[in-house]
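Structure first, then comments.
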2 protein chains.
Amino acid sequence: MISVNILGAGNVATHLFKAFQKSENISVNQWYNRDISKISTYKNEVSTIDNISLLEEADIYIIAVSDDAISKLSQSLTNKNQLVVHTSGSVSVYDLDKTLRRGVFYPLQTFSKTASVDFSNVPFCIETIDKQDLELLKNLANAIGSQWYKISTEQRQTLHLSAVFVNNFTNQLYRIAHEISDIQNINFDILKPLILETANKVQHMSPYMAQTGPAMRNDKKTIKKHLKSLENEQHKAIYKLLTESIKKTHGR
Amino acid sequence: MISVNILGAGNVATHLFKAFQKSENISVNQWYNRDISKISTYKNEVSTIDNISLLEEADIYIIAVSDDAISKLSQSLTNKNQLVVHTSGSVSVYDLDKTLRRGVFYPLQTFSKTASVDFSNVPFCIETIDKQDLELLKNLANAIGSQWYKISTEQRQTLHLSAVFVNNFTNQLYRIAHEISDIQNINFDILKPLILETANKVQHMSPYMAQTGPAMRNDKKTIKKHLKSLENEQHKAIYKLLTESIKKTHGR
Ligand SMILES: NC(=O)c1ccc[n+]([C@@H]2O[C@H](COP(=O)([O-])OP(=O)(O)OC[C@H]3O[C@@H](n4cnc5c(N)ncnc54)[C@H](OP(=O)(O)O)[C@@H]3O)[C@@H](O)[C@H]2O)c1
Ligand SMILES: NC(=O)c1ccc[n+]([C@@H]2O[C@H](COP(=O)([O-])OP(=O)(O)OC[C@H]3O[C@@H](n4cnc5c(N)ncnc54)[C@H](OP(=O)(O)O)[C@@H]3O)[C@@H](O)[C@H]2O)c1
């Protein structure tokens, strides 16, 4: 049995709490948030606190607060026996107070408050300063059915950047398609199966191998036609730049 | 029962043939290709021909050849009773020979020769010059379990452009993430669940609502850090442009 204290009450903290509660091998001892009203719904399930000095022993403290607040919050931890991890993609493991046993438990996934999370689809990037602590984080990930990968701070920061490309930027391409179609009264639903298939394809094939389309074929006629039909200058610039990028990747 | 003749032997023609063969409500009478060796594997299942003048009656002729070849091939059709459709996203319905009953049966999906296709995930954009012919294409789509949408040539060309954004360009963003991660010896598998979830999210939420990340929050510190860590100038330019695009969409 792994005992855990959670700090923070945002998306990550809340989804982790729910997953830990479901696991037979994890017990959540205490849940801290500076604003206790955010966790009061759970007060019958777990000891909720807003006074950090009331934190008691646990195998792992999980700091799931905003990136900017991680370092400072770690400095207010007085109990030095437990492993203290944060859940951020971009904060260094060394930003945690150096008197602590330190680590990182970063879920590489996008969370929102409303949708429920299936942790078998959430890979964790784990890192510890003391090698022996790694085992504890592996067990924690396993106990909620998640994959884990040993990832250094530098690698994690690169993954965080990669995630911006495959999540935020990809989503913005969906948004642009939505805008373009709306102008012509086209139902965005028509594009949804293609969006899914595009993501599905690279689950078992490299993006390099999966590429198709006018840029890949260097089909100048279609590219010209597309550029002409795009009215928004920013959309035009994105079309040009990504077309160049595809051509470069594939030596066209 | 709908009878069909197929012209062409590429990805689309081959997947359509297989789907039609499985359907109880469709019979494929003849399959034409200029190079008959491409369809010889199927000669026991269907009448295969390479002489276009041998084409006989059928309810629908489906021209699934390269965009540039559609118009010319349609001119060589002498049998004027059947509905003749092409399967292209960008070719106008008027590019088919004007002596014919004309239409479009465009599958908005990405096909590759190897992977099998589940046609319940392939929406068809249908269009006919004669309103009465629409029913036939609806029935054809229904018979292989596909959704259909009545779409004009102008709308279809916009959808084709939108497909470049959500398919080709999105795939290139995956590719860039792959490149960035490779440099740091990071297993690309770690990013795959996020890629899928990003596509899943917009199945029931608008891309506008689904957006998160540093550009959305206008988190200047992270954006600066990311730009600094990108070594490839083209990747940097893409990062900047898509960040600007997100900021503009969300009024940041
Ligand atoms: N959301 C994601 O998709 C995602 C994915 C992977 C990793 N992460 C990482 O997980 C961590 C938490 O993210 P999140 O999305 O859960 O954040 P969030 O929903 O915005 O919640 C932030 C939490 O941090 C607390 N907090 C903020 N400033 C604080 C301070 N100065 N002192 C104490 N607590 C403070 C907030 O407390 P109040 O409730 O009192 O405001 C809130 O509970 C971050 O490091 C983030 O980078 C997030
Ligand atoms: N692939 C997709 O993902 C996709 C998706 C939606 C729509 N489409 C559209 O579907 C149509 C077919 O695409 P595809 O991907 O199946 O193409 P493909 O795999 O490249 O196959 C092209 C076919 O066209 C034939 N062809 C080419 N030039 C010809 C000519 N001058 N005369 C007669 N036949 C000729 C080829 O014959 P040979 O075998 O003799 O070379 C071949 O059978 C196109 O309009 C395309 O825009 C494709």
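The values are calculated or read from the model by the stated rules, or taken from the named source; none is laboratory data. Note that the structure is predicted; figures quoted are calculated from it, not measured. Ideal geometry is used to build each Cβ from the backbone, glycine not excepted, and the neighbour counts take in all protein chains shown. For the accessible areas, the whole protein counts, side chains as well, though only heavy atoms, and no ligand, DNA or RNA atoms are used. Shrake-Rupley method; radii C 1.70, N 1.55, O 1.52, S 1.80 Å.
Let me spell out the model: positive unit charges on the Cβ of Lys and Arg, negative unit charges on the Cβ of Asp and Glu, origin at the Cα centre of segment B:156-249. What dipole size does that give, in debye rounded to 20?
Details: 14 positive and 8 negative charges, 97 e Å.
Magnitude of the dipole: close to 460 debye.
Any idea of the total accessible area buried by the B-A contact, 1.4 Å probe, rounded to 100 Å²? Walk me through the intermediate numbers first.
Working: alone 15420 and 15390 Å², together 22580 Å².
What B and A bury together is about 8200 Å².
Could you sort the peptides B:9-16, A:137-144, A:30-37 by per-residue average Cβ neighbour count (10 Å cutoff), highest mean leading? Don't skip to the answer; put the middle values down first.
Working: B:9-16: 21.2, A:137-144: 19.1, A:30-37: 17.1.
With the highest mean Cβ count within 10 Å placed first, the list reads B:9-16, A:137-144, A:30-37.
Quick check on packing: order B:124-133, A:101-110 by the mean number of other C-beta atoms within 10 Å, highest mean leading.
On the way: B:124-133: 17.6, A:101-110: 22.9.
Most protected by this proxy first, the peptides run A:101-110, B:124-133.
Using modelled amide H (1.01 Å from N, peptide plane; none on Pro or chain starts), what sits under 5 Å from the amide H of B:Ser3, excluding residues fewer than 5 places away?
B:Ser27, B:Asp59, B:Ile60
Relative contact order, percent, of segment B:156-249 when contacts are C-alpha pairs under 8 Å separated by at least 6 residues? The partial results should precede the final answer.
Numbers: 22 pairs, mean separation 17.5, N = 94.
In percent, rounded to a whole number, it is 19.
What distance in nm separates the two pseudo spin-label positions at B:Lys247 and B:Glu57, each 7 Å out from Cα along the beta-carbon direction?
In this crude spin-label approximation the distance works out to 6.7 nm.
Distances from B:Glu57 to the same position in the other copies: list them in nm, one decimal, shortest first, using label points 7 Å from Cα along Cα→Cβ.
Counterpart label points of B:Glu57 in the remaining copies fall at 9.0 nm.
Of the beta bridges DSSP finds with both residues in segment A:101-252, what % are antiparallel, to the nearest 5? All intermediate terms of the calculation are to be shown ahead of the outcome.
On the way: 5 of 8 bridges.
That works out to approximately 60 percent antiparallel.
Looking at the P(r) of segment A:156-249, how many percent of alpha-carbon pairs lie beyond 20 Å? Don't skip to the end; give the middle numbers.
On the way: 2039 of 4371 pairs.
Roughly 47 percent, once rounded to a whole number.
Could you check what % of the DSSP bridge pairs in segment A:2-151 are antiparallel, to the nearest 5? Mind dumping the intermediate values first?
Details: 5 of 29 bridges.
The antiparallel proportion sits near 15 percent.
If I take the rotation axis that carries chain A onto chain B, which residue of chain A has the nearest beta-carbon, and at how many angstrom?
A:Ala199, 2
Which whole number gives the average count of other chain Cβ atoms within 10 Å of the Cβ atoms across peptide B:115-125? All intermediate terms of the calculation are to be shown ahead of the outcome.
Values: counts 6, 0, 1, 2, 0, 1, 6, 3, 7, 1, 2.
If you average over the peptide's residues, the count of other-chain Cβ atoms is 3.
May I ask you to give the solvent-accessible area per residue for chain B, in square angstrom, as obtained with a 1.4 angstrom probe?
Working: 11290 Å² over 252 residues.
That works out to 45 Å² for each residue.
List the extent of the Cα atoms of segment A:2-151 along each of their three principal axes, largest first, rounded to whole Å.
Sorted from largest, the Cα extents of segment A:2-151 read 36, 33, 28 Å.
Taking Rh as the Kirkwood radius computed over C-alpha pairs, what is the Stokes-Einstein D of chain A at 4 °C in a medium of viscosity 1.567 mPa s, expressed in µm² per second? Can you show the working numbers first?
Details: Rh = 20.9 Å.
Estimated diffusion coefficient is 62 µm²/s.
Rounded to whole Hz and in sequence order, give me ³J(HN,Hα) for segment A:182-196 from the Karplus expression 6.51 cos²θ - 1.76 cosθ + 1.60, θ = phi - 60°, writing x for Gly and Pro.
After applying 6.51 cos²θ - 1.76 cosθ + 1.60, I find 3, 4, 9, 6, 9, 5, 4, 3, 4, 7, 4, x, 5, 4, 5 Hz.
Placing the label point 7 Å from Cα along the Cα-to-Cβ direction, what are the distances from B:Gln234 to the equivalent spots in the other copies, shortest first, in nm to one decimal?
Once sorted, the set of distances for B:Gln234 reads 2.4 nm.
Please report the antiparallel percentage of the DSSP beta bridges confined to the protein assembly as shown, to the nearest 5. Write out the running numbers ahead of the final one.
Values: 10 of 58 bridges.
Roughly 15 percent of the DSSP beta bridges within the protein assembly as shown come out antiparallel.
Defining the label point at 7 Å along Cα→Cβ, can you sort the distances from A:Thr78 to the same site in each other copy, shortest first, in nm?
9.9
Calculate the translational D of the protein assembly as shown in whole µm² s⁻¹ from Stokes-Einstein, where the hydrodynamic radius comes from the Kirkwood formula applied to all Cα pairs, the temperature is 10 °C and the viscosity 1.306 mPa s. Write down the numbers at each step before the final one.
Details: Rh = 25.3 Å.
Reported coefficient: 63 µm²/s.
What's the average, rounded to a whole number, of partner chain beta-carbon atoms within 10 Å of each residue's beta-carbon in A:106-114? Working shown, then result.
Details: counts 0, 2, 5, 5, 8, 2, 5, 0, 1.
Per residue, the average neighbour count from other chains is 3.
Near the amide H of B:Arg101, under 5 Å away, which other amide H atoms are found, from residues 5 or more places off or on another chain, if H is placed in the peptide plane?
B:Val84
Between B:Ser162, B:Val84, B:Pro193, whose Cα lies farthest towards the positive end of the dipole of chain B when Lys and Arg beta carbons carry +1 and Asp and Glu beta carbons carry -1, centred on the Cα centre?
Farthest towards the positive end: B:Pro193.
How many percent of the accessible area of segment A:117-172 is carbon or sulfur, using a 1.4 Å probe? Kindly include the intermediate steps, with their values, before the conclusion.
Values: 840 of 2050 Å².
For segment A:117-172, the apolar C and S fraction of the accessible surface comes to 41 percent.
In whole Hz, what ³J(HN,Hα) sequence does segment A:147-157 give by Karplus (6.51, -1.76, 1.60; θ = phi - 60°), x for Gly and Pro?
Going residue by residue, I get 6, 9, 9, 6, 9, 6, 4, 5, 4, 5, 5 Hz, with x marking Gly and Pro.
Take every residue in peptide B:81-90, count the Cβ atoms of other chains within 10 Å of its Cβ, and give the average of those counts.
Values: counts 0, 0, 0, 0, 0, 0, 0, 0, 1, 6.
Neighbouring Cβ atoms belonging to other protein chains average 1 per residue here.
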